[in-house]
There are 2 protein chains.
Amino acid sequence: METSVHCKGNERSERFCHFENLCYHNEHKDFIFFMANASMIENVPSDSQNILDLSSVADHTLHFFSFLYLPSETMTDFTVKWINRRSLIFNRFKPDNIMHILHDDILPLHHTLKQIKGNFKLNRNTQEKFDIQILTFEDWPDDIEYQFLYDLFSRHDMLTVNSLKKMGELVCFSDVYVGISKETTWYQYGFYVPQGPVPNSKVTSSQIQDTVNYVLSHIDTECTLCNLGPYLVLLSRKETRRILNEMDLSISIAQHIGMKVLSVSLETHSLVDIINLIRNSKGLIGMHGSLLALAIFLQPGSILIELFPFAINPAHYTPYKTLSGIPSMNIYYANWVNTNEENTVMHPDWPPELGGISDLKDQQEIMNQKEVPKHLCCDDPSWLFHIYQDTIVDINTIIQLVKTMLTASINENTSEKARNIVAGPVRDLNCVTEKNSIRVKWKAPWSLRYIPHKTVQYQLFIFNTQLNSTTSFLITNTIYTYNKTEATYSFLVWVQCQLDNLKGYLSNLVKC
Amino acid sequence: METSVHCKGNERSERFCHFENLCYHNEHKDFIFFMANASMIENVPSDSQNILDLSSVADHTLHFFSFLYLPSETMTDFTVKWINRRSLIFNRFKPDNIMHILHDDILPLHHTLKQIKGNFKLNRNTQEKFDIQILTFEDWPDDIEYQFLYDLFSRHDMLTVNSLKKMGELVCFSDVYVGISKETTWYQYGFYVPQGPVPNSKVTSSQIQDTVNYVLSHIDTECTLCNLGPYLVLLSRKETRRILNEMDLSISIAQHIGMKVLSVSLETHSLVDIINLIRNSKGLIGMHGSLLALAIFLQPGSILIELFPFAINPAHYTPYKTLSGIPSMNIYYANWVNTNEENTVMHPDWPPELGGISDLKDQQEIMNQKEVPKHLCCDDPSWLFHIYQDTIVDINTIIQLVKTMLTASINENTSEKARNIVAGPVRDLNCVTEKNSIRVKWKAPWSLRYIPHKTVQYQLFIFNTQLNSTTSFLITNTIYTYNKTEATYSFLVWVQCQLDNLKGYLSNLVKC
């Protein structure tokens, strides 16, 4: 019995591997690859450590995956417990925080499971749980609060590295995928450069909606409050980073907007209740914080108002703004930051992890800052100090923001049109050389009559092969005569159809 | 009903896409993506033409895949024939040539099908045909000679673009993959740079063996001749690029080596017979040509002798040498080139596609060449002229080559050892700072006792953080005292275990 592996991806942060007969040694805490001549090792260097990221957070040294090699004959030296169900091993990144759970684990997990199953939407209607054994390999405790979110995805109880220990010396997986998709992630936390959007993120709103729909189909969506007319949800923090005039804010918004405001918090509501309330709301208002990640559950056309304490530059902390800006998410986002130092309440005496700075020499300097300097994750004292301030928010300004965003969402939503459809290439492109001119003709793309549009134009490109230069003309006809300045010139021509100024496919090239 | 797509790969030559509800318009010869708001478009630009290569030959303009967009509502305007079986669309590259069939189509196809099925070796024992509808989209005729090779891979009759025409206006695939793996290819044909090995090819011998085993399990492997003692196979070409003293060569090898030589050709044997004969042989001898691709069917430890006509530099045409050199293929390869102009027979009067040059001005220049200059594919007159020469081969030299290779294969095969297994990281690495020295200790990797080896050494690395320089020592102990030249120096240390001089994994770093 030997191990084999096939990986996709050309470098560590892109790699995802499928093993046959991968084992884990409980005592030594090592994965083992039992090597024989029949072992297949595909698309991964056979002698490298740290071949992939176990979590969706790229290049985090605590989440690298490695295995040791042993000769396959030695497998008989061990007591083996076999897991023969198709399995997936990955690391949760920070499963005590709902933002991290959703962004780092749940969305990537669902995407990964769909990939493994080999379909992406076929699951849509049945929404069956996946028939896969999930093993999380980091050593978070087995009883984390939001475990139920992970449990939505598999018909089988999740294994943790702790639970493996009870299984004996060696646990072997006959058919196991290792790693987790990064395709749905949109934010990086500042381990190497200050936090910000993932460059070239591939996430799409339909991926997020697909996971949201999956989650909603597996939780209890009964919600009495949800049906009592339109409302906004105000996320309330009870301990830190509080809105000190929260009650006033809530009442004032309700009065001026004419919409109920439901105040929710993890202290007073279950996560499932909050998800349902958000799902059925017109939008979400709250201090910057992990609960805002629940904005993924907002309906398209909802609003999201993010509030920041004094000295925090909203442009530097954009996980929720970035989320709202994913094309077709259709979340109307605005933020407000406290610029009035009198309205902030500082807590220099709190413990350092809650922003306390009483032990620091530069305490006064931090307290005098007007803006937190850019910083890396995860324990910058200035950042922690300022983000944990309480704030008396500017109610009038926030009401104006809410009004503006609601109006924008209503206007744009009613005028919302179908996704743009580009024209195909023109047909039968033809170019005839005459003495002092060339005559170019073509036919409209055949698909034109199926695509709603107001205007059709053609961009005709004429490349002079002697002069090495391109001229182009935007015309409405399908014929064009171009005068040659020299009789010997020759040309390459091509055409691009534009519907309502949207550029379509390029035609082939023709010579004349 | 809308279309969706999920792609893997970040650029065209790497891309492989999975569509839901992709349609093909027979009259306009266009694939159609029916766009709606619910369409998922993942990991592919939504407005680009030519999104992937349909064949395994990278960047070939005749094999790009594109589709047009239409609004999803318009699907009802068409007569639709649905194909609801999971399908695969790809292009064969040149299915009239056995080298191209195997390298460009069959190996990539098998690899792709395993990927789609989500396993890579699980198929090994049952060797069932794949439950997938294959559609080849290039327009080779439906009745190609080696169709049976493609038919080994699916339980369902292959569709061609021709066969789609009979199905009506629109043919829609509810679940279809588009593209084909390039992971198993090892050779490029010189479309952009002169032909040669694929840079950074990912092919492995186990991939090739897996496909070979699959093919052998699906063809008739009865072979009477195969059991009549050890023999070599001599590939015989009857029309072009002939060995003019083939009979002498065959008899002489048999006499001097003491092994039968079976002469085979497509004119006298079926392809299946040739495959069986090669599979059971000790090796293969033949003029450079596509039949040598059947070397994939050689057993590990076999020999391959490739012969070249006059003026052909073997170093420039290496598909079979490259194949033989894939790690663990274990094919003992040598080549011979005719360097004696008197032993070549030229055919300047043949048609140009068979190397005729009678219509060319530089006819004499080509005939005088001592080496074909490097060139691109596919119709270089000098290349075609020289490769189609007939040759009187140097029998004695070839006999020596055969002898040498057979001896090498026997010697190396009997001494062949298991695949090298690298040691894991050392354990409990510890570094203690003393006044004028540091003392580093560690324990051997736990896996050591399971890995056969003769010697164990440790490379100890000591990085001086002040001087920014690394020293290293190769020692057999697991303890080392290193003298500091300055008491204030501090260090990072790590250790790498070497078994029989093979470098193992790096340990973690410790400071002192």
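Throughout, read-outs are computed from the coordinates displayed, never taken from laboratory work. Here the structure is a predicted model, which means the values were calculated and not measured. Cβ atoms come from the backbone with ideal geometry, glycine included; neighbour counts cover every protein chain shown.
Quick notes on this one:
- The fewest-to-most ranking of A:C497, B:C378 by surrounding Cβ atoms within 10 Å reads B:C378, A:C497.
- Reachable aspartates and glutamates, given that their alpha-carbon falls under 19 Å from the alpha-carbon of B:K165 and they are not under 8 places away in the same chain: B:E27, B:D30, B:D77, B:E138, B:D139, B:D142, B:D143, B:D157
- The range A:4-188 - percent relative contact order, Cα under 8 Å, separation 6 or more: 32 percent
- Above-threshold pairs, the threshold being 24 Å between Cα atoms, out of A:K94/A:K282; A:K441/A:K484; A:K282/A:K370: A:K94/A:K282; A:K282/A:K370
- Anisotropy class of chain A from Cα gyration tensor, a/c 1.5 cut: oblate
- Plainly put, the range B:427-511 has a radius of gyration that is 1.00 times its Kirkwood radius, both from alpha-carbon atoms, as the Rg/Rh ratio.
- One residue of chain A places its C-beta nearer than any other to the axis carrying A onto B; that residue and its whole-Å distance are A:G118, 3.
- Taking each of B:K202/B:K454; A:K117/B:K81; B:K117/B:K503 in turn, the alpha-carbon distance tops 29 angstrom for B:K202/B:K454; B:K117/B:K503.
- Proximal charge balance of B:P352 [Cβ under 10 Å; K/R count +1, D/E count -1]: -3
- Distance in nm between pseudo-label sites at B:F191 and A:N313 (7 Å out along the Cβ direction from Cα): 4.8 nm
- No Cys partner within the rule (Cβ under 4.7 Å), the protein assembly as shown: A:C497, B:C497
- Sorted from closest to farthest, the other copies place their A:S174 label points 3.0 nm away, with each point set 7 Å from Cα along Cα→Cβ.
- Around A:N335: net Lys/Arg minus Asp/Glu count, Cβ-Cβ under 14 Å: -1
- Sorting the Cα pairs of the range B:233-358 by distance into bins of 10 Å, from 0 upward, gives 12, 41, 36, 10, 1 percent per bin.
- Shape of the protein assembly as shown, Cα gyration tensor, a/c cut at 1.5: oblate
- Sparse-neighbourhood loop sites, trypsin sites (Lys or Arg not before Pro) in the range B:169-249 - DSSP loop, at most 14 other Cβ within 10 angstrom: B:K238
- Annotation: for a label point projected 7 angstrom from Cα along Cα→Cβ of A:N508, residues of the range A:424-449 with backbone N closer than 18 Å are A:424-433, A:440-447.
- Derived scalar couplings between HN and Hα for the range B:265-276 equal 7, 5, 6, 10, 10, 6, 4, 4, 4, 4, 4, 5 Hz in order, rounded to whole Hz, by the Karplus curve 6.51 cos²θ - 1.76 cosθ + 1.60 (θ = phi - 60°), x for Gly and Pro.
- Relative contact order [Cα under 8 Å, 6+ residues apart], chain B, whole percent: 11 percent
- Take each residue of peptide A:39-47, count the partner chain Cβ atoms within 10 Å of its Cβ, and average: the result is 5.
- In this simple spin-label approximation, A:I144 and A:K370 carry label points 7 Å from Cα along the Cα→Cβ vector, and these lie 4.1 nm apart.
- Each residue in B:S302, A:S174 was given a count of other beta-carbon atoms within 10 angstrom of its own, and listing them fewest first yields A:S174, B:S302.
- Footprinting exposure proxy ranking of B:R86, A:R92, fewest other C-beta atoms within 10 angstrom first, gives B:R86, A:R92.
- B:D139 sits among other residues whose Cβ lies under 12 Å from its own Cβ, and their net charge, with Lys and Arg +1 and Asp and Glu -1, is +1.
- Modelled FRET efficiency - R0 25 Å, A:D131 with A:K165, Cβ distances, 0.05 increments: 0.50
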